[in-house]
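What follows is a short report on a single structure.
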Ligand SMILES: Cc1cc2nc3c(=O)[nH]c(=O)nc-3n(C[C@H](O)[C@H](O)[C@H](O)COP(=O)(O)OP(=O)(O)OC[C@H]3O[C@@H](n4cnc5c(N)ncnc54)[C@H](O)[C@@H]3O)c2cc1C
Ligand code: SF4
């Protein structure tokens with residue numbers, strides 16, 4: 001019998017939802033930790049628009065570590081900083097990929113003798129498609145920005161709705177680049193599994209049961225399965241893996257709308273929860289040839305499928321949903 005319970009969820013505050021990639025449930029958990037005097041660790045952009053983990057101890061700084069960044073986040077000294085905070089008796093909320101969360105838990109287990117830290121640490125991972133190569137992101141960004149200064153990046157812009165999200169890049173001259181996930185070359189390469197980290201294709205951190213307290217994700221099937229929770233502003237799934245997580249969710253019910261769903265619904269609508277994505281057959285040649293200067297054209301060329309293959313795939317998908 002699984003101890004994990006699954007919920008459809010979204011933040012009651014519309015402005016928080018608009019700022020979040022999905023339903024804004026990470027914000028609710030982070031806000032709770034900060035209000036109790038704790039520290040929150042998550043992924044932020046650095047000055048080069050690469051991604052790294054950093055600490056946040058005030059609600060004003062929380063925005064830096066909100067939103068999905070579809071590129072590998074570097075850990076730097078994060079594990080030792082989390083350890084230091086726990087040893088000083090501070091509450092910590094850590095959010096990262098399932099492999100980062102398991103790595104943190106095993107680091108703490110191996111380096112701290114007593115178990116007091118377990119009461120202080122709450123961990124969140126997410127259903128993880130995989131993380132793309134930092135090198136591809138750097139090259140893509142250089143190309144799309146054409147040397148203009150970037151002021152903000154949102155991989156999950158909701159201007160055209162949560163389901164039809166887009167990659168948005170703002171520049172200091174007031175212009176913006178906004179392209180749907182289905183058209184932006186970088187997002188297409190990511191979603192076609194062309195340049196994920198090698199280990200993501202055979203990921204051992206999947207499954208309904210986890211070591212983390214919570215797993216969060218998008219509830220992509222919500223419009224048909226739970227229409228009352230759908231308004232295209234972002235609905236999340238939360239998996240609560242233990243009794244403490246359930247207690248935290250009860251406390252959060254003032255700020256988050258929750259509805260329990262079956263674990264099977266999560267598997268049905270979000271297969272990466274249990275199954276690694278397929279390795280793109282062009283991955284090796286993509287990295288070997290590297291595409292010269294024009295990375296966008298090279299990505300699109302690499303994932304291009306003949307019309308007949310596309311039609312066959314569409315029929316297969318329709319029959320198997
Ligand atoms: C690389 C990646 C792959 C994902 N794959 C899936 C998927 O296949 N299916 C699915 O349903 N959801 C996936 N998600 C999760 C989804 O995009 C949302 O982050 C999630 O639904 C939570 O939304 P939110 O609105 O509650 O939180 P948000 O405010 O969007 O917060 C997101 C949290 O994730 C952390 N984070 C962001 N980027 C990274 C990163 N690169 N590395 C580590 N931590 C990061 C942030 O620090 C923050 O704590 C993925 C996220 C990432 C970053
Ligand atoms: S897919 Fe697996 S290995 Fe890749 S980043 Fe996610 S948890 Fe880590």
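Exactly one residue out of 110, 152 is away from ligand 1 (no atom under 14 Å from the Cβ), under 30 Å from residue 249 (Cα atoms) and surrounded by fewer than 15 Cβ atoms within 10 Å (Cβ to Cβ), and it is 110. If you filter segment 7-47 down to residues that are part of a loop (DSSP other than H, G, I, E, B) and free of Cβ contacts under 8 Å to residues at least 12 places away in the same chain, you find that the one that is nearest to ligand 2 (Cβ to nearest atom) is 46. Of the strands (runs of 3 or more DSSP E) lying entirely inside segment 143-226, those containing at least 2 residues that are in contact with a helix residue (DSSP H, G or I) (Cβ under 7 Å, 6 or more places away or on another chain) and within 20 Å of residue 133 (Cβ to Cβ) span 166-171. For segment 214-250, filtered to residues that are within 16 Å of ligand 2 (Cβ to nearest atom) and touching a strand residue (DSSP E or B) at 6+ places or on another chain (Cβ under 6 Å), the residue that is nearest to residue 118 (Cα to Cα) is 214.
Residues that are closer than 17 Å to residue 33 by Cβ, assigned to a helix (DSSP H, G or I) and within 20 Å of the chain's Cα centre (by Cα) within segment 83-104 comprise 101, 104, listed in sequence order. Of all residues in segment 175-191, those satisfying the criterion of being crowded, with 17+ Cβ neighbours inside 10 Å and either free of Cβ contacts under 8 Å to residues at least 60 places away in the same chain or outside the structural domain of residue 301 (by TED's automatic domain parsing) (or both) are 177, 179, 181, 184.
Candidates 86, 120, 93: the one that is closer than 16 Å to residue 41 by Cα, away from ligand 2 (no atom under 15 Å from the Cβ) and either crowded, with 22+ Cβ neighbours inside 10 Å or assigned by TED's automatic domain parsing to the domain that holds residue 190 (or both) is 93.
Among the residues of segment 192-206, those identified as within 13 Å of ligand 1 (Cβ to nearest atom) and surrounded by 21 or more Cβ atoms within 10 Å (Cβ to Cβ) are 193, 195, 196, 200.
Of all residues being in a loop (DSSP other than H, G, I, E, B) and farther than 18 Å from residue 155 by Cα in segment 55-82, which is farthest from ligand 2 (Cβ to nearest atom)? Just the residue, please. Outline the logic, then answer.
Of all residues in segment 55-82, those in a loop (DSSP other than H, G, I, E, B) come to 57-58, 66-73, 75-77.
Remaining after also requiring farther than 18 Å from residue 155 by Cα: 57-58, 75-77.
Working: 57: 26, 58: 28, 75: 12, 76: 17, 77: 20 Å.
Only one residue tops the list, namely 58.
The values are calculated or read from the model by the stated rules, or taken from the named source; none is laboratory data. In this text, all values refer to a predicted model and were calculated from it rather than measured experimentally. Reconstructed Cβ throughout: ideal geometry from the backbone, glycine too, with neighbour counts over all protein chains shown.
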